[in-house]
1. Using alpha-carbon positions, what is the distance between the centroids of region 244-271 and region 416-437, in Å?
2. Hey, could you grab the Kirkwood Rh for region 314-400? Inverse mean 1/r over distinct alpha carbon pairs, Å, one decimal.
3. Once you have the Cα-Cα distance between S55 and E351, take 0.36 nm times their residue separation minus that, and quote the gain in nm to one decimal.
4. Counting Lys +1, Arg +1, Asp -1, Glu -1, what net charge surrounds I401 among other residues with beta carbon under 11 Å of its beta carbon?
5. Can you tell me which of 244-256, 283-295 comes out highest on packing, and rank the rest after it, using the mean Cβ neighbours within 10 Å?
6. What does the charge count near S387 come to, summing +1 for each Lys or Arg and -1 for each Asp or Glu among other residues with Cβ under 13 Å from its Cβ?
7. May I ask you to give the average projected area over all directions of the convex hull of the Cα atoms of region 274-346, in nm² rounded to one decimal?
8. Just to be sure I understand the model, the point goes 7 Å from the Cα along the line to the Cβ. What's the resulting R366 to N434 distance in nm?
Amino acid sequence: MATDNDLLNRTRAAVWHPCTQMKQLETAPPLAIVRGEGPWLIDIDGRRYLDAISSWWVNLFGHCNPRINAAITDQLGKIEHVMLAGATHEPVVDLSERLAHLTGLGHAFYGSDGASATEIALKISAHYWRNAGQAEKNGFISLTNGYHGETVGALSVTDIPLFKATYAPLLRHSVQVPSPDARMAAPGESAEAYAVRCAAVLEAHLAEHAATTAALIVEPLMQGAAGMAMYHPAYLKRARELCDQYQVHLIADEIAVGFGRTGTMFACEQAAVRPDFICLSKGITGGYLPLSAVLTTDEVYAAFYGDATARGFLHSHSYTGNPLACRAALAVLDIFEHDNVIAANRVKAIEFTRVLAEVAAHSRVRHFRHLGMIWAFDVADTAPGFSTRFHRAALAQAAFIRPIGNTVYVMPPYVTSADEMRGLADAMLVCLSNPDI
Ligand SMILES: Cc1ncc(COP(=O)(O)O)c(C=O)c1O
């Protein structure tokens with residue numbers, strides 16, 4: 001067995017870690033994780049860390065979940081993978097039917113991760129308009145500070161300068177309209193009024209540019225990478241009306257917020273809107289295997305159906321619809337159903353919010369906010385490097401937390417207990433009360 005240092009030296013030499021300036025690993029080595037157990041990560045020395053951010057928001061029912069393990073193990077004895085062009089299999093058909101039932105959309109097209117789902121939705125939307133004889137409708141609108149992934153097409157509609165600016169020459173132009181982030185409301189203005197005010201800017205843009213616009217893409221109710229920016233459902237409602245009025249697709253990127261994160265199975269439900277496209281990933285497999293899906297309307301699907309090959313959607317990924325990933329996703333949907341997870345989380349969330357009351361009341365905390373199984377706050381008077389210092393200090397308190405800028409958030413696996421949440425609250429209080437962080 002390698003020692004801690006062996007593994008860290010080897011990872012630095014052999015692995016290029018994501019979203020990381022590798023030089024920083026000289027002073028801040030990554031955790032060497034060997035095992036997971038429910039919401040806990042266990043390192044090579046047996047130290048335990050509560051995975052408070054669900055491993056980049058993917059884990060729903062804990063690490064090493066026996067029910068998901070059993071489904072994947074069962075599938076391993078049948079077929080691990082077969083290409084999905086020219087072949088099909090029961091797990092992908094079952095999953096597509098169940099996702100259609102849950103979303104009200106159909107014709108599931110699969111990718112391997114969130115960014116590929118964004119690419120697929122953007123391409124189908126523009127291709128739809130082309131097939132409809134309106135090829136000039138190929139522009140995209142997104143929200144300021146929005147995040148939709150980092151492949152070149154997805155990055156074109158992402159609006160986070162840290163990730164985007166360097167690659168500007170590679171990207172296609174897109175238009176950003178103001179985010180309805182409730183923190184930006186004027187003094188005395190409600191989140192709802194601010195959302196409606198932002199939607200008026202969207203309307204003004206559409207009134208002028210609908211003829212060259214294919215779609216509006218949004219993260220419904222919460223912009224994660226923007227720092228858990230939450231907004232009122234009135235924006236989605238109005239965006240749906242405007243997209244209908246101006247003949248522009250509405251793409252709901254539910255990659256981060258889908259599968260119960262915001263308190264409903266899908267965030268769009270809270271605005272009672274049905275998008276033209278829904279992008280799903282992350283929690284879809286409970287955090288087990290890379291899988292994404294894009295579902296759309298019969299109308300969009302029908303525009304591709306015909307005798308001409310080029311009219312079809314000729315996009316593909318080698319692992320599209322992987323049976324192991326589909327079985328993991330089916331096991332996740334079974335858990336939602338059998339354990340009545342959405343209702344159980346509602347009760348749990350009330351308790352967790354109570355547990356976090358002391359954090360919310362801390363003198364350094366601003367804009368404490370909560371939606372479903374997400375809690376976030378901004379920290380006042382932070383010096384550069386806050387997020388790294390907070391992360392390291394939280395690790396010393398057995399909590400794996402990675403703030404985004406000065407926003408601290410927890411988005412725990414749904415199997416986290418109130419006692420474990422109390423531990424997280426205590427860890428955050430220790431960090432907040434340290435004047436050096
Ligand atoms: C809203 C949203 N869209 C897309 C993505 C990209 O997903 P992936 O990292 O799997 O490519 C993310 C990832 O954080 C996301 O939060």
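1. Measuring centre to centre over Cα atoms gives 31 Å.
2. Roughly 16.9 Å, rounded to one decimal.
3. 104.3 nm
4. Combined, the nearby Lys, Arg, Asp and Glu give +1.
5. Answer by packing, highest mean first, reads 283-295, 244-256.
6. Details: positive: R389, R392, R402; negative: D378.
Its environment carries a net charge of +2.
7. 6.6
8. Going from the R366 label point to the N434 one covers 2.3 nm.
FYI, it's all coordinate maths here, none of it is from the lab. These numbers were taken from a predicted model, which means no experiment stands behind them. Cβ: placed from backbone, ideal geometry, glycine included. Neighbour counts: every protein chain shown.
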